[in-house]
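The values are calculated or read from the model by the stated rules, or taken from the named source; none is laboratory data. This structure is a prediction, so every number in the text was calculated from the model and none was measured. Don't worry about glycine lacking a Cβ; one is built from the backbone with ideal geometry, like all the others, and counts go over all protein chains shown.
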Amino acid sequence: MAAQVKVLLVDDDPDFVEATKAILETKPFEVIVAYDGKEGLEKARGEKPDVIILDVMMPPPDGYAVCSELKKDPKCRAIPILLLTAVMQALPHTLYTIDMGLRTEADDYIDKPVEPAELVRRVESLIAG
Amino acid sequence: MRIAFKISMVSILVVDDEKIIRDGCTRILGKEGWAVQTANSGEDGLRLLQEEPFDLLLLDLKMPGLSGMEVLQRVRDLRPELLVVIITGYATVESAVEAMKAGAYDFVSKPFLPDQLRIVVRRALEKKALQREADLLRQERAKGLREIAGEKSKIKTIIHCMADGVLVTDHEGRVVLHNPALVRMLKMEISPPLGHALDDGLENDCWRGFVRRIRETTEGSTVSQEVVVGDLTLMAHIAPVRSEEGETLGSVTVLRDISMLKAIDRMKSDFVAMVSHELRAPLSSVEQQLSVILAGILGEVNNRQQEMLGRAKERTHALLALINDLLDLSKIEAGFVVQHKEPVQITEVLEKVVELLKPQAAAKNIALTLSLPEILPQVMMDRGNMEEVFINLVSNGIKYTPERGSVELFVRVQGSHLCAEVADNGMGISSEDLPRIFDKFYRVKNAQTRKITGTGLGLPIVKRIVEAHLGTVEVESQPGNGSKFRVYLPLEPSAKGGP
């Protein structure tokens with residue numbers, strides 16, 4: 001990996017952002033943060049990140065809206081998006097979000113809160129993919 | 001008969017102009033315990049008859065003044081039920097016959113032996129007792145009929161005045177009885193005509209399903225289902241009616257307006273949803289922060305810290321699980337389900353669920369299998385909801401089955417329904433717990449389940465979703481023998497449409 005990997009993290013909860021940023025920075029990632037959907041769209045277009053981690057539960061535009069907007073944008077379509085869904089995989093009886101993840105064009109999804117190692121693994125595989 | 005004589009004292013009137021006959025009768029009949037009065041002329045006799053209710057009249061035909069025949073005719077008018085025995089001499093047998101034609105019951109010829117008199121009188125009294133008995137029976141029958149008629153109108157009045165809607169249909173779904181509340185609740189412009197099938201002219205989808213249900217509720221027990229008609233939410237309880245031989249005669253449906261309850265329920269669900277959302281975000285962050293510290297990202301964590309933080313994380317995790325379930329349930333209760341109903345091949349749903357839960361099963365060495373018939377009809381459903389139903393049932397099966405057990409899924413068409421079964425060979429459910437497992441927050445508590453985590457909301461969610469699809473869930477289980485959960489979903493009626 002020659003150039004440093006740029007990760008855009010979009011989430012409206014500062015505490016969650018701080019913790020997640022710390023996880024990502026254990027790797028040679030440059031982490032850019034956006035605190036709402038609008039800012040997320042701007043930074044996605046301006047910063048050209050290698051991967052976007054996008055929370056679904058935000059005030060409008062929410063993660064789904066941001067995701068579909070970016071996937072429509074020819075310049076951003078190629079950027080892999082990891083959706084942070086609100087329901088835990090550990091309780092598999094709620095397929096609701098999984099289904100939502102599949103309905104959107106996101107490249108992957110992971111339930112919030114995330115295990116540090118798992119988050120890193122997902123992000124790395126998206127970049128490699 | 002004897003008893004009847006003794007209940008009230010028998011009273012006899014003797015009308016004869018001959019004193020010796022009057023005295024003889026008084027003596028002979030008095031010995032029998034009967035009360036005897038006498039009159040020496042027809043006029044006197046008639047006067048006494050008007051004063052007292054005699055049981056029997058002994059009447060001499062040949063008397064000076066008013067003759068016996070004349071007295072007899074008057075008596076027939078005056079007291080038609082009174083038994084009359086004629087006393088007559090040999091020479092007047094013919095007139096005795098005539099008297100009997102005129103309504104006398106019997107006669108005795110003068111002179112008579114005491115036994116002759118006793119026999120004739122006794123027979124007459126027996127006849128009288130029989131008559132009274134018959135009268136009594138007639139009266140009782142008339143009273144009974146009146147009571148039945150009264151009962152009928154009473155029931156009719158009660159059904160008519162009930163706030164709940166009542167609908168009775170016969171075995172072919174034709175209307176037999178209904179009340180004004182039903183017509184009002186279903187917003188019908190005219191009362192459904194008796195003797196006709198019910199679904200004619202009704203547009204509402206939900207209602208059609210309900211009518212079909214009424215026709216199909218011929219086996220099994222009472223079915224309860226919500227029906228939405230305009231702005232009203234109704235709870236319909238449909239009970240099949242069977243003859244003693246088990247033959248289906250029809251069904252009785254009781255409709256209750258639960259719109260108010262639903263409104264309150266919705267408010268409660270909204271509240272729960274709001275609170276849960278507010279709780280979830282911060283809890284999620286707390287857990288994330290704990291994860292970061294535990295992973296040693298912010299510096300080394302010693303063993304004791306690791307242990308305590310680990311426990312803290314477990315607690316937040318459990319709380320989040322509870323919140324997720326609450327949200328799911330409130331979402332379903334608020335009616336967010338079944339919004340995208342489409343024809344779906346249930347095979348696709350089940351295959352996805354099995355795929356998703358394979359790792360969970362594999363972790364416990366549980367064989368998770370899916371058996372599908374070659375052809376299955378499509379069923380109208382919300383795909384996501386239905387996936388959730390089977391994820392719940394299958395993951396429960398895995399949770400409550402010990403290592404190296406099995407969880408099997410079967411699908412078949414059963415009558416007018418598609419039946420999907422999730423069968424495990426796990427610990428099973430006791431008969432005390434069985435009726436409550438679909439209650440919110442109910443969890444089976446025993447030594448075996450202690451280590452199994454859950455929120456007690458999975459099965460209520462399953463039930464809600466299935467019912468929102470006009471289906472039913474049933475469970476069959478015995479402790480130690482595994483559990484079978486069956487989900488029944490109604491198949492679309494054929495294009496031809498039923499009768």
Among (1) in contact (Cβ under 8 Å) with a residue 12 or more places away in the chain; (2) not in a loop (DSSP other than H, G, I, E, B), where does B:K152 come up short?
-> (1)
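Does any residue of segment A:10-19 turn out to be buried (at least 20 other Cβ atoms within 10 Å of the Cβ) and more than 10 Å from every other protein chain (Cβ to nearest Cβ)? Can you show your working first?
Within segment A:10-19, the first condition is being buried (at least 20 other Cβ atoms within 10 Å of the Cβ), and the residues that meet it are A:10-11, A:16-17, A:19.
In the following step, the residues that additionally are more than 10 Å from every other protein chain (Cβ to nearest Cβ) were identified as A:10.
Checked against the condition, which is being buried (at least 20 other Cβ atoms within 10 Å of the Cβ) and more than 10 Å from every other protein chain (Cβ to nearest Cβ), segment A:10-19 yields at least one hit.
Condition first: of a type in the set (V, I, T), closer than 14 Å to B:L232 by Cα and out of contact with any Ser or Thr (no Cβ under 8 Å at 6 or more places or on another chain). Now tell me which residues in segment B:254-269 satisfy that.
Answer for segment B:254-269, where residues must be of a type in the set (V, I, T), closer than 14 Å to B:L232 by Cα and out of contact with any Ser or Thr (no Cβ under 8 Å at 6 or more places or on another chain): just B:I264.
Of everything in segment B:139-158 that's over 25 Å from the mean Cα position of the chain (by Cα) and not aliphatic (A, V, I, L, M), which residue is farthest from B:H178 (Cα to Cα)?
B:Q139
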Residue hits (segment A:20-45; among the basic types (K, R) and either surrounded by 21 or more Cβ atoms within 10 Å (Cβ to Cβ) or facing chain B (nearest Cβ under 10 Å) (or both)) are A:K21
Starting from residues that are among the small types (G, A, S) and in a helix (DSSP H, G or I), keep the ones in segment B:20-50 and report whichever is surrounded by the fewest Cβ atoms within 10 Å (Cβ to Cβ).
-> B:G30
Could you tell me whether any residue of segment B:461-481 is outside any helix (DSSP H, G or I), surrounded by 13 or more Cβ atoms within 10 Å (Cβ to Cβ) and modelled with pLDDT under 80?
-> no
From B:L356, B:L326, residue being at pLDDT below 85 and either closer than 28 Å to B:V413 by Cα or in the same structural domain as B:L457 (by TED's automatic domain parsing) (or both) | B:L356
Considering only segment B:378-391, state which residues are assigned to a helix (DSSP H, G or I) and under 34 Å from the mean Cα position of the chain (by Cα).
-> B:N385, B:M386, B:V389, B:F390
Among the candidates B:G397, B:G428, which residue alone is within 14 Å of chain A (Cβ to nearest Cβ), under 16 Å from B:E476 (Cα atoms) and either surrounded by 16 or more Cβ atoms within 10 Å (Cβ to Cβ) or touching a residue at least 24 places away in the same chain (Cβ under 8 Å) (or both)?
-> B:G397
Members of segment A:78-126 found to be more than 12 Å from chain B (Cβ to nearest Cβ), at pLDDT 90 or above and out of contact with any Gly (no Cβ under 7 Å at 6 or more places or on another chain), listed by number | A:A78, A:I79, A:I81, A:L82, A:R121, A:R122, A:V123, A:E124, A:S125, A:L126
Does B:V241 meet the test of being touching a Gly at 6+ places or on another chain (Cβ under 6 Å), more than 22 Å from B:H469 (Cβ to Cβ) and surrounded by 12 or more Cβ atoms within 10 Å (Cβ to Cβ)?
-> yes
May I ask you to verify whether B:D135 is closer than 30 Å to B:R27 by Cβ and of a type in the set (D, E)?
-> no
The condition of being in the same structural domain as B:R132 (by TED's automatic domain parsing), under 12 Å from B:V14 (Cα atoms) and touching a Cys at 6+ places or on another chain (Cβ under 7 Å) holds, among B:V84, B:V36, only for B:V36
Tell me, which residue of segment B:254-280 that is of a type outside the set (S, T, N, Q), assigned to a helix (DSSP H, G or I) and crowded, with 18+ Cβ neighbours inside 10 Å is farthest from the other protein chains (Cβ to nearest Cβ)?
-> B:K262
Of all residues in segment B:283-305, which are in a loop (DSSP other than H, G, I, E, B) and more than 7 Å from chain A (Cβ to nearest Cβ)?
-> B:G296, B:G299, B:E300, B:V301, B:N302
Please specify each residue of segment B:405-448 satisfying the condition of being among the charged types (D, E, K, R) and in a helix (DSSP H, G or I).
-> B:R436
Qualifying positions in segment B:164-175 - modelled with pLDDT of 85 or more and farther than 17 Å from B:M188 by Cβ = none
B:S109 of a type outside the set (A, V, I, L, M) and not assigned by TED's automatic domain parsing to the domain that holds B:T88 | no
Quick one: would you say B:V338 is within 14 Å of chain A (Cβ to nearest Cβ), part of a loop (DSSP other than H, G, I, E, B), at pLDDT below 90 and surrounded by 16 or more Cβ atoms within 10 Å (Cβ to Cβ)?
-> yes
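Only one of these is crowded, with 19+ Cβ neighbours inside 10 Å and of a type in the set (K, R): B:K128, B:K62. Name it. Talk me through it step by step, then tell me what you get.
On the way: B:K62 fails: crowded, with 19+ Cβ neighbours inside 10 Å.
Being crowded, with 19+ Cβ neighbours inside 10 Å and of a type in the set (K, R) holds for just one of B:K128, B:K62, which is B:K128.
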From the set of residues in segment A:50-70 that are away from every other protein chain (no Cβ under 13 Å) and within 21 Å of A:A117 (Cα to Cα), which is surrounded by the most Cβ atoms within 10 Å (Cβ to Cβ)?
-> A:I52
